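Asks: So that we are looking at the same thing, I have put the structure below in structure tokens.
The values are calculated or read from the model by the stated rules, or taken from the named source; none is laboratory data. Since we're looking at a predicted model, the values are computed, not measured. Surface accessibility is based on the protein's heavy atoms, side chains included, excluding ligands, DNA and RNA. Shrake-Rupley method; radii C 1.70, N 1.55, O 1.52, S 1.80 Å.
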Amino acid sequence: MPDTLIQDSSLGALLTPDYWLDILTERGLNTPGTVLISGTVAMTSGVDQFARSWKV
């Protein structure tokens, strides 16, 4: 099965850690022990992102 591009963007499209720290602080969640998992860009229109494997 051929590879299908599902995301195509620059690093500039990712939000910085400082952005997320500000959001956590605004919501009263920037406390020791808080874990933030983030990091993706918008999907390419019309693709099925579910697959048996992914690569970068």
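Asks: Calculate, for the chain, the solvent-accessible area per residue in square angstrom, rolling a 1.4 angstrom probe over the heavy atoms of the protein chains. If you can, show how the numbers build up before the last one.
Replies: Values: 5390 Å² over 56 residues.
That works out to 96 Å² per residue.
Asks: Shifting gears a bit: Computed from the coordinates I sent, Cα extents along the principal axes in Å equals one of (i) 25, 25, 18; (ii) 46, 23, 18; (iii) 32, 28, 12. Tell me the label.
Replies: Given (i) 25, 25, 18; (ii) 46, 23, 18; (iii) 32, 28, 12, the calculated one carries the label (ii).
Asks: Let me have the relative contact order for the chain, percent, based on Cα pairs under 8 Å that are six or more residues apart.
Replies: Values: 22 pairs, mean separation 30.4, N = 56.
Reported as a whole number, the value is 54 percent.
Asks: Return the carbon/sulfur percentage of the accessible area of the chain, one whole number, probe 1.4 Å, all protein chains in place.
Replies: On the chain, the fraction of accessible area on carbon and sulfur atoms equals 58 percent.
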